[in-house]
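Asker: Please find one structure pasted underneath; my questions will follow.
The values are calculated or read from the model by the stated rules, or taken from the named source; none is laboratory data. Here the structure is a predicted model, which means the values were calculated and not measured. As a convention, Cβ positions derive from the backbone with ideal geometry for all residues, glycine included, and neighbour counts pool all protein chains shown. Ligands, DNA and RNA are stripped out before the accessible areas are found, and what is left, the full protein with its side chains, is counted by its heavy atoms. Shrake-Rupley method; radii C 1.70, N 1.55, O 1.52, S 1.80 Å.
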Amino acid sequence: MPSYKFMKKRGRGFAFQIAVPKDLRQQYNGRTVIQSGLGTRDEDIAQAAALELAGIYKKEFVDLRKKPDQSRMSVREIYQKAREGFKRHIEETDTSRLEELTDIFTGQEADLEARAEKQGIGVDDPLTPELQAEVDALSDSRKEFLEDEEAKPREEYEPPFKDVADEWIKDWKKGREKKTNTSVQYESTIRMFASFWGDKTIRKIRQQDAAEFFDKLRHISGTYKSNPDIKTMTFSEIHKMYGGKGNPLSPPTVNRHMNVLFTVWKWAKMRGKASGDNPFEGLRLKDKRTRKEHFIAFTNDELEALLSPPPKKKALHEIFLVGMYSGMRINEIASLTWGQLKQDGKIWYFDIGEAKTKAGRRVVPVHSKLSWLLDKKRHKPTDQIWPQFKPKGPGEKPGEHASRFFGNHKRSRGIVGRQKSFHSLRSNVTTQLENKGVPLNEWQDIFGHEKSFTYATYSHGLTLQRKAEIVELIDYGDLSTTP
C-alpha cells in the first residue's frame with residue numbers, strides 16, 4: 001500500500017498535505033500545514049501527484065530560506081501567490097473529469113474554513129486581510145477553471161505601476177545585446193514616475209494625474225542630470241530642488257519621458273492591467289526645431305578658433321582631431337581602448353565593436369594626419385586611450401564627460417548654440433566626402449549609418465583598403481592639426 005506521508009483520505013478522494021517548517025510559517029500566513037485536493041480517487045495516481053507536489057514545496061522551502069530577512073507578504077503578494085499556486089496545482093493534476101476539478105476547489109474551501117475557525121473567526125465575522133486575499137484568489141480561480149468565466153480585475157491585488165513598468169522594460173530588452181543609453185533613459189523615466197505615483201496601480205492613473213506629472217516635469221531644470229545622487233532622489237525632491245530654476249528640460253527630453261509612459265500604459269492595457277483611454281495621450285511639448293537645424297558643420301574660421309591656441313586639456317585636443325579625421329562620435333572616441341586600435345597589414349584602424357545598431361559596429365581606418373596616435377605609449381588592451389574622460393551622465397559614458405569639456409571650450413572661443421557641437425564634425429566630414437564624389441553607400445559604411453535596403457541586402461561592405469582611401473580624402477588644408 002502506498003505511503004500516506006504527503007496525502008490523506010478525504011471523502012471519496014485524496015488530498016495532498018505537507019507540514020510547513022516552523023521558521024517559514026510567517027511566509028505562509030501562519031499556516032502549519034498546506035493541504036489541497038488531488039482531484040482523483042485513484043490511490044496510485046494520488047500518491048504520484050502528492051510526491052510531485054511535495055518536491056515542489058520542498059524546493060520552495062529551500063528558496064525561502066535563502067531570504068531570511070524577507071518580511072511578511074502583503075495581501076497583494078498573498079493573492080498573486082495563491083492564484084499562481086492554484087493554477088500550478090490544477091495544471092499538474094489530472095483534472096479531465098469535472099467532478100475531480102470540483103474536488104480540488106472543495107478541498108481548498110474546506111482548508112480555508114478550517115484555518116478561519118482555528119483563528120477564532122466566526123461565520124459572520126470579517127476575515128483577516130490575509131485570509132480574505134486567499135479566499136478571493138480561490139473564488140477567482142474557480143471562475144477561471146471551473147466556471148470558464150474570466151474573473152474581473154481586483155485593483156486591491158494588482159501590482160503597483162513600478163512592477164508593471166519593470167515587466168515592460170524587461171520585455172523591451174529581450175533580444176538586445178547590451179545595456180544602452182536608451183535603456184538607462186527609460187529606467188530613469190520609470191523611476192521618476194514611480195516615485196511620483198507611489199504604490200498605486202497603473203489602472204488608477206487618470207489623465208489629470210498624468211497631466212500633473214507632465215506639468216511638474218517640464219519645469220525642471222536640465223541641470224538636475226548632473227547631480228550624482230539623482231538615482232536615489234525622489235521625484236518630489238528633484239522638483240523641489242530644480243523646479244522653476246534655470247533653463248527647463250528641452251521639449252525632446254520631456255516628450256521622450258512622456259512617450260515612455262504612454263508606451264508602458266499601452267503595453268499594460270494589452271495585458272489586461274489597464275483599461276480605458278491612455279492618460280498620457282496628447283501630453284507633449286511642441287518642438288519648433290527641426291532635425292535640419294541640428295549639428296551644422298564648423299566653418300574654417302570656427303575650426304581655426306577651436307584649435308589656435310589648442311585646448312588646455314590635451315586629451316580634448318587629441319579626441320577633437322580624431323573626430324575631424326574620422327567622423328566618429330564623441331563617445332566612440334572617448335571610450336576607445338588600446339585594444340580597439342588594431343593593424344591589418346599596413347593599415348591601422350579603429351575597431352568600433354559596440355554600438356546601438358548593427359551598422360554602428362564597424363572599422364574606421366586611421367588617417368595619416370593621426371599618425372601621432374601610433375607613437376603614443378600603449379597600455380593594456382582594456383585601458384582607455386584617454387582615461388581622463390570618466391563615465392558620466394545617465395548612460396555613464398566617457399563621451400558625456402568629454403562633451404562637457406568641449407562645450408566649455410567652444411563657448412570660451414565664442415562659439416555658441418546647440419547646432420554647433422562635437423557632432424558637427426560628422427557634418428564637416430560628410431560634406432567633404434560628398435563634394436569629392438564619394439558614393440553615399442560608401443561613406444555610410446565608415447560613418448555607421450544604416451544603408452538602404454538594396455545595399456544592406458546585396459552588398460558585402462567595403463574592403464579595408466577602400467575605406468582607407470576614402471578616409472585619406474578628408475583634408476583641412478593649412479589648418480594646424482598637430483597635437
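Asker: Restricting to segment 315-344, what's the tally of residues that are under 15 Å from Gln384 (Cα atoms) and not in a strand (DSSP E or B)?
Answerer: The number of residues fulfilling the criteria is 15.
Asker: With (1) touching a Ser or Thr at 6+ places or on another chain (Cβ under 6 Å); (2) of a type in the set (A, V, I, L, M, F, W, C); (3) open to solvent by 60 Å² or more (accessible area, probe 1.4 Å) as the list, and Met241 as the residue in question, which single condition is left unmet?
Answerer: (1)
Asker: Here are some conditions: (1) touching a residue at least 24 places away in the same chain (Cβ under 8 Å); (2) touching a Lys or Arg at 6+ places or on another chain (Cβ under 9 Å); (3) outside any strand (DSSP E or B). Val363 meets all but one. Which one does it not meet?
Answerer: (3)
Asker: May I pose another question? Among the residues of segment 203-238, what is the count of those that are open to solvent by 60 Å² or more (accessible area, probe 1.4 Å), of a type outside the set (Asp, Glu) and part of a helix (DSSP H, G or I)?
Answerer: Qualifying residue count, segment 203-238: 10.
Asker: When you go through (1) within 20 Å of the chain's Cα centre (by Cα); (2) at pLDDT below 95; (3) assigned to a loop (DSSP other than H, G, I, E, B); (4) not hydroxyl-bearing (Ser, Thr, Tyr) one by one for Phe280, which number turns out not to apply?
Answerer: Single failed check for Phe280: (2).
Asker: While we're looking at this one, here's another question. Would you be able to say whether some residue in segment 379-393 is open to solvent by 80 Å² or more (accessible area, probe 1.4 Å), β-branched (Val, Ile, Thr) and within 30 Å of Val184 (Cα to Cα)?
Answerer: The answer is yes, given that some residue of segment 379-393 is open to solvent by 80 Å² or more (accessible area, probe 1.4 Å), β-branched (Val, Ile, Thr) and within 30 Å of Val184 (Cα to Cα).
Asker: I'd like to know if segment 188-208 contains one or more residues that are under 20 Å from Glu396 (Cα atoms), more than 12 Å from the chain's Cα centre (by Cα) and touching a residue at least 60 places away in the same chain (Cβ under 8 Å).
Answerer: yes
Asker: While we're looking at this one, here's another question. Could you figure out which of (1) over 22 Å from Ile202 (Cα atoms); (2) open to solvent by 40 Å² or more (accessible area, probe 1.4 Å) isn't true of Lys266?
Answerer: (1)
Conditions (1) part of a helix (DSSP H, G or I); (2) within 14 Å of Phe14 (Cβ to Cβ); (3) at pLDDT 85 or above, marked per residue:
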residue	(1), (2), (3)
His89	yes, yes, no
Asp94	no, yes, no
Thr106	yes, yes, no
Ala116	yes, no, no
Gly122	no, no, no
Gln132	yes, no, yes
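Asker: Answer yes or no: is there a residue in segment 241-248 that is more than 28 Å from Pro159 (Cβ to Cβ), assigned to a helix (DSSP H, G or I) and at pLDDT 85 or above.
Answerer: There is at least one residue in segment 241-248 that is more than 28 Å from Pro159 (Cβ to Cβ), assigned to a helix (DSSP H, G or I) and at pLDDT 85 or above.
Asker: Please go through segment 423-464 and give me each residue that is of a type in the set (Gly, Ala, Ser) and modelled with pLDDT under 80, ordered by number.
Answerer: Gly448, Ser452, Ala456, Ser459, Gly461
Asker: Can you run down the residue pairs with Cβ atoms below 9 Å, 6 or more apart or on separate chains, where the first is in segment 9-36 and modelled with pLDDT of 80 or more and the partner is in a strand (DSSP E or B) and of a type in the set (D, E, K, R)?
Answerer: Note: pairs meeting the criteria are Phe14/Lys8; Ala15/Lys8; Ala15/Lys9; Phe16/Lys8; Gln17/Lys8.
Asker: Can you tell me which residue in segment 289-329 is surrounded by the fewest Cβ atoms within 10 Å (Cβ to Cβ), limited to those that are touching a strand residue (DSSP E or B) at 6+ places or on another chain (Cβ under 9 Å) and among the hydrophobic types (A, V, I, L, M, F, W, C)?
Answerer: Looking at residues that are touching a strand residue (DSSP E or B) at 6+ places or on another chain (Cβ under 9 Å) and among the hydrophobic types (A, V, I, L, M, F, W, C), I get Met328.
Asker: Output the residue which, of all residues in segment 214-245 that are in contact with a helix residue (DSSP H, G or I) (Cβ under 6 Å, 6 or more places away or on another chain) and without any contact (Cβ under 8 Å) to a residue 24 or more places away in the chain, is nearest to Lys397 (Cα to Cα).
Answerer: Here the answer is Tyr224.
Asker: Quickly run through segment 395-442 and pick out the residues that are more than 18 Å from Glu318 (Cα to Cα) and open to solvent by less than 20 Å² (accessible area, probe 1.4 Å).
Answerer: Matches in segment 395-442: Gly395, Ile415, Leu433, Val438.
Asker: A follow-up question, please. So is Thr357 surrounded by fewer than 15 Cβ atoms within 10 Å (Cβ to Cβ), at pLDDT 90 or above and not aromatic (Phe, Trp, Tyr) or not?
Answerer: no
Asker: Could you look through segment 58-87, keep only residues that are surrounded by 18 or more Cβ atoms within 10 Å (Cβ to Cβ) and either outside any helix (DSSP H, G or I) or of a type in the set (Phe, Trp, Tyr) (or both), and pick out the one that is modelled with the highest pLDDT?
Answerer: Within segment 58-87, the match that is modelled with the highest pLDDT is Tyr79.
Asker: Could you tell me which residue of segment 113-172 is farthest from Phe86 (Cα to Cα), considering only residues that are surrounded by 14 or more Cβ atoms within 10 Å (Cβ to Cβ) and of a type in the set (Val, Ile, Thr)?
Answerer: The selected residue is Ile169.
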